[in-house]
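Okay, here's the structure, questions in a sec.
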Amino acid sequence: MSMLRLLRSTPRSLTRRLALAPASCPAFPRPRPYSTQGTRDQTPLGPSWRAGALFIATGLGLVWYFKSEKAKQIERKEQELAKASYGKARIGGPFSLITHDGKPFTQNDLVGKWSLIYFGFTHCPDICPEELDKMSEVVDAIDATFGQVVQPIFITCDPARDTPEQVAAYVKDFHPRLLGLTGAYDNIKAACKAYRVYFSTPPNTKPGDDYLVDHSIFFYLMDPQGEFVDAYGKSTTEAEVREKVAEAIKSWKPASSKSSS
Amino acid sequence: MSTPVAPSREDRKRCWESRDIYFSCLDAAQVVVPGEEGTKCDAQKKAYGTDCAKSWVDYFNKRRVLAERQKATLKEVERQRLEAEAKGFRR
């Protein structure tokens, strides 16, 4: 009944036109029985509050997802780094020098005691004396805590001028146990290379020349097996070195069967 | 032939003291580069040259100039930082 009324509600002119139109003409489709009262059906795909809310919710969901994934990745990386052991620098190695008393001294003589080794030269203006004083203070402090377990050693980078007598006179000014080492140029060069110490003697020097040797400023802690433990630069204070050496001594465990290089 | 013996602790101390006296004379004359002060600090300069080996004199002089230059750079950096902060930039 309502269908008929709907059909009747189409404008008369349109009905007449439609009635006359052939059934197969696409220009005049048959009227479909839907409402023509002006209100159009809102399709769910148009802009609406619901769509907007869904859009925002999806966006927030994605943001949260990415953030949590990234956090997980960062955590994974940190765990990896924490576990990673970087290995020890390959510092140290065989050397063959002479003490300030003229006796031979090699890397085997390091075994049995901790050693703090400083590379310098006796004609050094102020840095070497400062570092050696710092080293002496550390050795005294360690003596007080652990007994005489550390051997302080001074190795010269200036073999041309630093004869054993020269080195003997020099080390007297510092710690009483400070052992000075020197030797032939090639042996000194080999020792410096083993300890990765950079030094540059000006070329063509003659004994009696007045020159300064440019060299890297570190002292090296070697354990009672003669293996490298740590290096301390110019900027580390005496207190810091003392703490680190004490810590190393306390926590040291002899390594099992090491093959000597 | 004996090579000159390396300075002992007392020798080093004496050298450092002469150096410090000479440098404070330079500071008073507001001169940075040793040698630019003319004849103002001649006595101190002579003592400094006697007590310290030439290589040490050169080394200390160079270091003084470098330290001064570093001070100027650090001051400039600090000034720029304050300027940026005043403008509202954050680190």
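Would you mind checking region A:142-165 for residues with the amide N under 17 Å from a putative spin-label position 7 Å along Cα→C-beta of A:Ala89?
Only A:155 fall inside the zone, counting backbone N under 17 Å.
So, one more: Taking θ = phi - 60°, what integer Hz values does the Karplus form 6.51 cos²θ - 1.76 cosθ + 1.60 yield along region B:62-76, in sequence order, with x for Gly and Pro?
Each residue of region B:62-76 in turn: 4, 5, 4, 5, 4, 4, 4, 4, 4, 4, 4, 4, 5, 4, 5 Hz.
Please list, by residue number, every one of the chymotrypsin sites (Phe, Trp or Tyr not before Pro) in chain B that is coil in DSSP and has at most 13 other beta-carbon atoms within 10 Å.
Working: sites: B:Trp16, B:Tyr22, B:Phe23, B:Tyr48, B:Trp56, B:Tyr59, B:Phe60, B:Phe89; in loops: B:Phe89.
Sites meeting the loop and neighbour criteria: B:Phe89.
Next question, about the same structure. Viscosity 1.567 mPa s, temperature 4 °C: give me the Stokes-Einstein translational D for region A:88-251 in µm²/s, with Rh taken as the Kirkwood radius over C-alpha pairs.
Values: Rh = 15.8 Å.
Rounded to a whole number, D works out at 82 µm²/s.
I've got another one for you. For B:Ala72 and B:Ala29, what does the FRET efficiency come to when R0 = 22 Å and r is the distance between their Cβ atoms, rounded to the nearest 0.05?
Values: r = 18 Å, r/R0 = 0.83.
Step by step, r from the Cβ atoms, then E = 0.75.
With Cβ to Cβ distances under 15 Å as the rule, what net charge do the other residues near A:Cys192 carry (K, R +1; D, E -1)? Numbers along the way, then the final one.
Working: positive: A:Arg90, A:Lys189, A:Lys193, A:Arg196; negative: A:Asp158, A:Asp162, A:Asp186, A:Asp214.
Net charge in that neighbourhood comes out at 0.
Can you find, among A:Tyr195, A:Val167, A:Val213, the residue sitting farthest towards the positive end of the charge dipole of region A:111-257, where Lys and Arg contribute +1 and Asp and Glu -1 at Cβ?
The residue sitting most towards the positive pole is A:Tyr195.
While we're on this one: Please calculate how many Å² of accessible area region A:82-202 carries per residue, with a 1.4 Å probe and no DNA, RNA or ligand atoms counted. Don't skip to the end; give the middle numbers.
On the way: 5320 Å² over 121 residues.
Accessible area per residue, region A:82-202: 44 Å².
Additional query: Mind giving me the FRET efficiency for A:Leu81 and A:Ser216? R0 is 25 Å, r the Cβ-Cβ distance, nearest 0.05 is fine.
Details: r = 28 Å, r/R0 = 1.13.
It comes out at approximately 0.35.
A:Gly93: net charge of surrounding residues, Cβ under 12 Å, Lys/Arg +1, Asp/Glu -1, itself excluded?
Numbers: positive: A:Arg90, A:Lys193, A:Arg196; negative: A:Glu227.
Around A:Gly93, the surrounding residues sum to +2.
Still on this structure: Mind checking which lysines have their C-alpha under 28 Å from A:Lys103, skipping anything on the same chain fewer than 8 residues away?
Hits, sequence-local ones excluded: A:Lys113, A:Lys134, A:Lys172, A:Lys189, A:Lys193, A:Lys206, A:Lys258.
Residue by residue through region B:42-54, which ³J(HN,Hα) values in whole Hz follow from phi under the Karplus form 6.51 cos²θ - 1.76 cosθ + 1.60 (θ = phi - 60°), with glycine and proline marked x?
Per residue, the Karplus-derived 3J(HN,Hα) values read 4, 4, 5, 5, 5, 4, 4, x, 7, 6, 10, 5, 4 Hz.
With each label point set 7 Å from Cα along the Cα-Cβ vector, what nm distance links B:Arg81 and A:Glu137?
It works out to 2.7 nm between the two label points.
What is the spin-label model distance, in nm, from B:Thr50 to A:Gln225 if the labels are put 7 Å beyond Cα along the C-beta direction?
Using points 7 Å along Cα→Cβ, the separation is 5.8 nm.
May I ask you to list the trypsin sites (Lys or Arg not before Pro) in region A:145-209 that are in a DSSP loop and have at most 16 other Cβ atoms within 10 Å of their Cβ?
Working: sites: A:Arg161, A:Lys172, A:Arg177, A:Lys189, A:Lys193, A:Arg196; in loops: A:Arg161, A:Lys172, A:Arg177, A:Arg196.
Sites meeting the loop and neighbour criteria: A:Lys172, A:Arg177, A:Arg196.
Under 13 Å from a point 7 Å along the Cα-to-Cβ line of A:Ser200: which residues of region A:116-157 have their amide N that close?
Those under the cut-off are none; the list is empty.
The values are calculated or read from the model by the stated rules, or taken from the named source; none is laboratory data. Keep in mind that what you see is a predicted model, and the values were worked out from it rather than measured. A quick note on method: Cβ atoms are made from the backbone with ideal geometry, for glycine too, and the neighbour counts reach across all protein chains shown. These area figures cover heavy atoms from the full protein model, side chains too; ligands, DNA and RNA do not enter into them. Shrake-Rupley method; radii C 1.70, N 1.55, O 1.52, S 1.80 Å.
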